[in-house]
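Student: Quick one: the structure is below, questions incoming.
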C-alpha cells in the first residue's frame, strides 16, 4: 500500500524537477539556438539527450517530495499513529520505501555510468552544431543583407506573397577576391523562390543593368574600360547550403570527462597519475648536483691550480733574484715577494663579479624551470581532479537518493501535512541547499582547494546530519520545533 501511494507523487515530482532542470539549462543556450533555422526534430533531439543528463539530479528531489507527501498524508489522516499503536516503528513502516529508494539509487548510478556519457556526447555535439550554424536567411525591405558569402543584397520592396520583389540591388564581392574587380547588379523588379530541396535561392530579375569595374592589380594599372550591360531578364542563384546544420564529428568530444563511464575515467586518471609521476622525476636533484659540481670545479679546481702554479713561478723568480742581490737588501725583496704573491692569490673584482653573475643566471634558470614544471604538474592535477570528481559524483548522486528518504519520510511524519503547501517549501529548501553545496564543493575540488573525494561526498555527509536528526526526532515522536525553541530559550536565559 505504501509503495502504491509513494510512486505517483514520486513520478510527478520527478517529472516536474526534470522539466525545471532542463529549462534552466536550456535558457543558458537559448541565444545560440533561436534564429538558426534548426528544425523541430533537431531541437527535440537536443532536449531529449539533455533530459537524460538531468535524471540523476532530478531523482533526489522526487524521492524527497514523495517521502514528505506520503508520510505527511499518513500523519494527517492519523494512519501513521495507528501503525505505531499496533507496534510498528517508523523504520519498520519505512522499510518498503527504503527498498524502493535503494532501487532508485541503483537506477541513478546506472544512468550516470551508462546512459549519461552517451547522452552528454549527443547533446554537446548537437549544441555545437547549433552554435556554429549561421542564422536563417532574412531578406527585409530596405536592409542590406550580408548573409550570402561574397554578396550584399538589398531589396527595396517585398510584396505580400513573399515572392515578388522590386528595386533590387546586388553587390558582387566574389569577383573582387578573384581579380580585384567590382560588380553591381540593379534591377527594377523580380521574383525569388527556393528550390524544392532547399539548397538554392533563385532570383529571376527583370529590366536591369550589370555594372562591371575590371579593377587593377597592385603593380600595374588597368586600362580596361568601365562596362555596363543592360538585360531584360537575368537569373541569379545563391547557395543556401551554407545555412544548413552540419553534423559535428562526435569523436572530437569523447575525451571530455563528462563523456566517459567509470572504466574510462579510471583509465584516464591512471594515465594522468603516470604523467605526474614522470614530471616528478629527479630532475631538480640532478640539476642541483650538476650545479654543485660546476661550482666546485670553478672554486676548488680552476682557481687554486692556477694560483699555485703562478705562486711557484714567482717563488722561483724571487729565489733567483735573491742570489743576485746583496744580503742587505734581502729583507726588502722578501717584502716585495710577499706583495706579489698576495696580488696573485687574491681574486680580482672582475672575476668575483662574473662569478656572481653566473650563479645568478643559474639560479634564475633553475627557478624558471621549477615554475614551468610546477605549472605543468598543477594543470595535470586539476585535470585529474576533474576526472576524479566526475567518477565520484556518479556514486554521490546515487547515495543522496537514499539519504533523502531519511529526510523526507521523517519530515512528513513530523509536520503531519500532505499536499503542496508547507511540505513543498521545506523540500525545496533542502534540495536547494544540497545543490548549492554540491556546486560549491565542485568548484573547490576543481581548484585543488580540497580533495576530489571530499568535493563529491561532503554534500552527502552534510545532508546526513538533518537526516539523522529528523529520523531520531520522528522515532521518538518529539516536536522538533518546540525542542529548538526551548534550546534557544535556555541559551538566552543563561546569557
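Bear in mind that the values in this text are calculations on the coordinates, not laboratory data. Quick caveat: nothing in here was measured; it's all calculated off a predicted structure. Cβ: placed from backbone, ideal geometry, glycine included. Neighbour counts: every protein chain shown.
Student: At 0.36 nm per residue, minus the direct Cα-Cα distance, what do residue 443 and residue 7 gain on full extension? Give it in nm, one decimal, please. Kindly include the intermediate steps, with their values, before the conclusion.
Tutor: On the way: separation 436, 0.36 × 436 = 156.96 nm, distance 3.46 nm.
Taking residue 443 through residue 7 to full extension adds about 153.5 nm, to one decimal.
Student: Could you compute the FRET efficiency for residue 79 and residue 20, with r as their C-beta to C-beta distance and R0 at 45 Å, rounded to 0.05?
Tutor: Values: r = 31 Å, r/R0 = 0.69.
Given R0 = 45 Å and the Cβ-Cβ separation, E is 0.90.
Student: If each residue's Cβ is checked for other Cβ atoms within 10 Å, how do 69, 107, 488, 148 rank with the fewest at the top? Walk me through the intermediate numbers first.
Tutor: Numbers: 69 26, 107 16, 488 10, 148 19.
Starting with the residue having the fewest Cβ neighbours, the order is 488, 107, 148, 69.
Student: Just to be sure I understand the model, the point goes 7 Å from the Cα along the line to the Cβ. What's the resulting residue 157 to residue 207 distance in nm?
Tutor: 1.2 nm
Student: What nm distance separates the two modelled labels at residue 360 and residue 377, each placed 7 Å from Cα along Cα→Cβ?
Tutor: Here the answer is 2.8 nm between the modelled labels.
Student: Arrange 12, 452 by Cβ neighbour counts within 10 Å, fewest through most, would you?
Tutor: On the way: 12 14, 452 25.
The most exposed by this proxy come first: 12, 452.
Student: At 0.36 nm per residue, and after removing the present C-alpha to C-alpha distance, how many nm does the segment from residue 191 to residue 368 gain when stretched out fully?
Tutor: Working: separation 177, 0.36 × 177 = 63.72 nm, distance 6.82 nm.
So the extension gain works out to 56.9 nm.
Student: Also: Going by average Cβ density within 10 Å per residue, which order do the peptides 141-147, 203-209 take, highest to lowest? Mind showing how you got there, number by number?
Tutor: On the way: 141-147: 12.4, 203-209: 17.4.
Highest-to-lowest ranking by the protection proxy: 203-209, 141-147.
Student: Obtain the nm distance between the two label points defined at residue 228 and residue 453 by a simple spin-label model: each point lies 7 Å from its Cα along the Cα-to-C-beta direction.
Tutor: About 8.5 nm separates the two model spin labels.
Student: Sort the following peptides by mean Cβ neighbour count (other Cβ atoms within 10 Å, averaged over residues), highest first: 394-400, 45-51. Please list the in-between numbers first.
Tutor: Numbers: 394-400: 22.1, 45-51: 18.1.
In descending order of packing, they fall as 394-400, 45-51.
Student: Multiplying the sequence separation of residue 255 and residue 92 by 0.36 nm and subtracting their Cα-Cα distance, what value in nm do you get?
Tutor: Details: separation 163, 0.36 × 163 = 58.68 nm, distance 4.66 nm.
The residue 255-residue 92 span can extend by a further 54.0 nm.
Student: If each residue's Cβ is checked for other Cβ atoms within 10 Å, how do 271, 40, 25 rank with the fewest at the top?
Tutor: Details: 271 12, 40 7, 25 15.
Lowest count first: 40, 271, 25.
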